[in-house]
Amino acid sequence: MTGNSPYSVPKEPGSIRAIILAAAVHAALFAFLWFGIHWQSQQPIAVEAEVWSPDIKEAAPQAPEPTPVPQPTPEPKPEPVVQETAPPKVVTPPLPDPEIALEKEKKRKEQERKEQARQEELEKQQKLQKQQAEQEQKDKLKAEAEQKAAKEKAAAQEKQKQEAAKKLEADAAKKKQAAADAAAENKRHNDELKRMMGQAVGSGAANSTGTAAQSQGPRGDPGYGQKVGAKIKSNINFNVPDGLPGNPAVEFDVQLLPDGSVASVRLRKSSGVPGFDEAVKRAIERSAPYPKDSKLGVVPPSFIGIHKPKDQ
């Protein structure tokens, strides 16, 4: 490639040293081939020599010539044909081209670079696969731990719910038992008063509006019923409809606890006006707690509330 080409091969590091080394190797190879061919082309020099002894010796007597014995004449043998062998032809190997050697060296280095890059990519993929496997194992362990924690949390919540339900049941049972105990104590107290006095005295009163209340107890305060009736009347919120025939009364049986709170309200007789009945019931509940009887010193266990709509 020329310098004007847009694509040029970058210079390899140490290219000058490689060129010098290649030139030295080529020169040594050329010298070896030159001397080898020149040595084989030289003809061998033949040398003849005669050896003489300085001492003079008498010649040995010649032996008598033997009687010639006729010999058979041998048949002439054909002379072998000697073929002249041509000297071996020395073929001078072509000298390697430095450009080709450099190109081969570049290809070799490029191949090594590609092989190294392929090996690095393979190692990178193996490392990535290993990391992915480790991450998947971590995620699996984390999911199992979260699932286990969720199960434990659900079990704990279920246990708390069961304990709360048991506690509510126990509290309801305690309240129910307390109410039953209070009712039993109230009944026992009432029975004890009746037994001691031998009778049950009821005192009642009616005010100008026609509202009446009845309290039960041994010789209680005669004005207790008026006080209770007036308190309930003040809490009744009802508009009497026009054209209401008559003035029907509603009666409620009210059971009280020792602290003056309402234990139960039971309708004994309806006035025929459901709205008025409901208004009187709410007024009875809102009027709690009820006061103690001033003479007895306790809250009466029960009373009967009687109210009429047009007397409010």
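Points worth noting:
- The length gained by stretching the chain between ASP253 and GLU103 to full extension, at 0.36 nm per residue less their Cα-Cα distance, is 41.8 nm.
- When segment 269-312 is reduced to its Cα atoms, the Kirkwood hydrodynamic radius in Å: 12.2 Å
- Using a simple spin-label model with pseudo-atoms 7 Å out from Cα toward Cβ, LYS187 and GLN125 lie 9.1 nm apart.
- Residues whose placed amide H lies under 5 Å from that of ASP221, excluding near-sequence neighbours: SER294, LYS295, LEU296
- Treating r as the C-beta distance of ALA170 and VAL298 and R0 as 45 Å, the FRET efficiency rounds to 0.90.
The numbers here are math on the coordinates, done by the rules we state, and not lab data. As the structure is a prediction and not an experimental result, all values here were calculated from the model. Quick reminder, even Gly has a Cβ in these numbers, built from the backbone with ideal geometry, and neighbours come from all protein chains shown.
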